[in-house]
């Protein structure tokens, strides 16, 4: 053996070391490693979602994850449930068709801010208006990560992205306010730093009978943070310093100000008949509720 | 409460007959969006579906309508939508998803004159190439073309049967005239209607691969909620359904998708011939234009010209081999269609220079007259 080689760093023997994750039974472990970058928050959001699924009491054989396109949109590819990775922006209408076709399914949409609120914005507001019984989980990393960090409908004012090299001159959406105005019946915002609150909230969202929406703030150090002189830790530190928890806060007061404060919590949790309930009541005669057709 | 199959003799429009055919085929989900001249299909389905245990939803646009149809089908329900040109353009994205994920569904295009908003209340057949190639990437598709209200009833059933058998979107390319024309429609007894369903998994849940083809090239399909824990993606994927970003995966996925059609072409392809055995001039047509073409063929015969009609029931796949073998013995072809030359180009291609092919076309908005076709038959050759 060449003496030089003896000094080489040796990879630990991974074959003999069984690696287990507590959520392995809910993961497509044959698809690991995943594509998410070091420092990305999607993994934390994703595991919070899986943990919530496990503790929610839902029948996981009847639970489906639907994603659109983007980094968060890859969620459906890693969950060991029936999972559908659809077209860009269309996870919600796809999920709507699925839920209406088989109301016994629990349909979870897991996707990103670009997918759900720019190209898919129209679908979001209409699903919320209908109170379609879906759980919509949005990882908001303030940018289009998959394509390298372009400006999004959620990018903070003046933030730098590859398509706003001099700063973003547009105003971002206040997503909980949009959800509220559209008719969503459970609305919350957490960050990946608040993993326990987030998991508990996702559990409630999964158990909620109507349209639930959980926004999860997450760092994208590689494609967003890098251009704004912000490491993953910087953003987590900011989450720690600036976030206040204020359940039931008015959605109109939830605009994010990274220098001052970001309000987290569960803002809305109300009951309203779902789209399927109102359809059955209005459109079907008594004996023809779903599945009872001759 | 009305049953799914309205057995009996009716007087109804093509759009209504389309809806009734779909219901007879077992369709239980319709994702709609209003558009002239297809709205009546949605209206009929909205009234009828809840009574047979199905669901109608009017989505926020045609993109959503098509996405909902694909989602509903993945949940195991026979699903459809109906639209016209502008909506058809918007649906292309998720028609592509259905192609790539091999999800059965039926899309009806009641064609109107285009491009763009065009003539909303007047018919055309200008979307025939869009039907073939409208979504990005290379793929095969099935497109049917009904000529009457009665035929659209049967083609709706056929469309669902083909789509379920081969796990593919099937397009019904009708037009405003067939859609809005009222005709006699006879609906048979339910027991006389043969229905097909998607092939179901034959192996255990652990071993099941959602895109591993059976002998006929079609992979058995598991629906959401059946416990197979499948992954379905519009990314290039392997037989397990997992995304694989390699050239090899792309090549084998494409082979698999194309093979479904190549292996089953003789079961899919449908044409109807009229007086073609001794014909010197073969008129090729489809949909409403085939009615004009038939009249022109009869007129030509009266004038001593040996003309025949080849009516395409499946416009896609196109009967290339049939045209090719006819080209070896006939004087030529005349294609009759309500556009300025789409299927005409296919006829030319298939004839491969062995016989001339001419077009009797129209820009859209009006039916072609038999005289116009006769003129091409008489003076073209």
**For the stretch A:23-179: span of alpha carbons on each principal axis (Å, largest first)** = 49, 38, 24
**Request:** Just the number, please: Stokes-Einstein D of the stretch B:1-43 in µm²/s, Kirkwood Rh from C-alpha pairs, 25 °C, 0.890 mPa s.
**Result:** 219
**Request:** Divide, for the stretch A:199-294, the radius of gyration over alpha carbons by 2.2 N^0.38 Å, where N is the residue count.
**Result:** 1.63
**Debye-sum result for the stretch B:148-284 in log10 I(q)/I(0), which assumes one identical scatterer on each alpha carbon, at q = 0.11, 0.17, 0.22 Å⁻¹** = -0.60, -1.05, -1.36
**Prompt:** For residue B:121 and residue A:162, what is the calculated FRET efficiency with R₀ set at 45 Å and r taken between the beta-carbons, to the nearest 0.05?
**Reply:** 0.45
**Request:** Let me have the 222 nm mean residue ellipticity of chain A computed from DSSP H runs of 4+ only, each contributing -39500 (n - 2.57), with the sum over all residues rounded to the nearest 500.
**Result:** -8000 deg cm²/dmol
**Message:** Sort A:196, A:284 by Cβ crowding within 10 Å, fewest neighbours at the top.
**Reply:** A:196, A:284
**Asked** Hey, how many Å between the Cα centroid of the stretch A:86-154 and the Cα centroid of the stretch A:28-42?
**Response** 21
**Complete:** Compactness check, the stretch B:137-179: C-alpha Rg relative to the 2.2 N^0.38 Å globular estimate gives 1.21
**Asked** Between residue A:257 and residue B:372, what is the label-to-label distance in nm when each label sits 7 Å out along the Cα-to-Cβ direction?
**Response** 6.8
**Asked** For the stretch B:1-47 and the stretch A:191-205, what is the separation of their C-alpha centers, rounded to whole Å?
**Response** 45
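Give me the percent relative contact order of the stretch B:8-192, please, defined on Cα pairs under 8 angstrom at least 6 residues apart. Present the calculation step by step, with values, prior to reporting the outcome.
Working: 429 pairs, mean separation 57.0, N = 185.
31 percent.
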**Fill in**
Under the helix-only model (-39500 (n - 2.57) for each DSSP H run of 4 or more, divided by the residues of chain B), the mean residue ellipticity at 222 nm, to 500 deg cm²/dmol, is -11500 deg cm²/dmol
**Item:** chain A - percent relative contact order, Cα under 8 Å, separation 6 or more
**Value:** 16
**Prompt:** Which order results if A:245, A:125, B:186 are arranged by neighbouring Cβ count within 10 Å, fewest first?
**Reply:** B:186, A:245, A:125
**Cα gyration tensor shape for the stretch B:8-192, rounded if a/c is under 1.5, else prolate or oblate** = rounded
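Fewest Cβ neighbours within 10 Å first, please rank A:36, A:190 accordingly. Numbers along the way, then the final one.
Values: A:36 19, A:190 27.
Ascending Cβ contact count within 10 Å gives the list A:36, A:190.
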**Asked** Could you give the angle, 0 to 90 degrees to the nearest 10, between helix B:289-302's Cα long axis and the longest principal axis of the Cα atoms of chain B?
**Response** 30
**Fill in**
Rounded to the angstrom and largest first, Cα extents along the principal axes for chain B equal 68, 51, 41
**Fill in**
What the 10 Å binned alpha carbon P(r) of the stretch B:271-379 shows, as percent of pairs per bin from 0, is 17, 55, 27, 1
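Per the Kirkwood formula on distinct C-alpha pairs, the Rh of the stretch B:212-320 is how many angstrom?
17.4
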**Item:** Shielding by other protein chains, A:122-128, mean Cβ within 10 Å
**Value:** 3
**Item:** Relative contact order, percent, the stretch B:271-379 [alpha-carbon distance under 8 Å, six or more residues apart]
**Value:** 30
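Given R₀ = 25 Å, FRET efficiency for residue B:303-residue B:272 by Cβ-Cβ distance, to 0.05?
Details: r = 23 Å, r/R0 = 0.93.
Calculated transfer efficiency: 0.60.
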**Asked** How much length is gained if the chain between residue B:280 and residue B:11 is pulled fully straight, taking 0.36 nm per residue apart and subtracting their Cα-Cα distance, in nm to one decimal?
**Response** 93.0 nm
**Message:** How tilted is helix B:370-379 with respect to the longest principal axis of chain B? Cα atoms for both, answer in degrees (0 to 90, nearest 10).
**Reply:** 60
**Asked** When every alpha-carbon pair in the protein assembly as shown is counted, what percent end up more than 47 Å apart?
**Response** 24
**Item:** Most mobile of B:17, B:25, B:295 in a GNM of chain B (Cα contacts under 10 Å)
**Value:** B:295
**Asked** Assuming a viscosity of 0.890 mPa s and a temperature of 25 °C, what translational diffusion coefficient in µm² per second does Stokes-Einstein assign to chain A, Rh being the Kirkwood radius over Cα pairs?
**Response** 123
**Request:** Whole Å is fine, so just give me how far the alpha carbon centre of the stretch A:207-223 lies from that of the stretch B:300-375.
**Result:** 57
**Asked** Against the longest principal axis of chain B, how steep is helix B:85-100, in degrees 0 to 90 to the nearest 10, with axes from Cα atoms?
**Response** 50
**Message:** Just to be sure I understand: with springs between alpha-carbon atoms less than 10 Å apart, which residue in B:196, B:128, B:45 has the highest mean-square fluctuation in the Gaussian network model of chain B?
**Reply:** B:196
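Evaluate peptide B:53-66: per residue, the Cβ atoms of other protein chains within 10 Å of its Cβ; return the mean as an integer.
Working: counts 8, 6, 12, 3, 8, 1, 8, 11, 4, 0, 8, 12, 2, 5.
Mean partner shielding for this stretch: 6.
Where a number appears in this text, it was derived from the coordinates with a stated rule and is not lab data. All of these numbers come straight from a predicted model, not from anything done at the bench. No Cβ is skipped: glycine too gets one built from the backbone with ideal geometry, and neighbour counts run over all protein chains shown.
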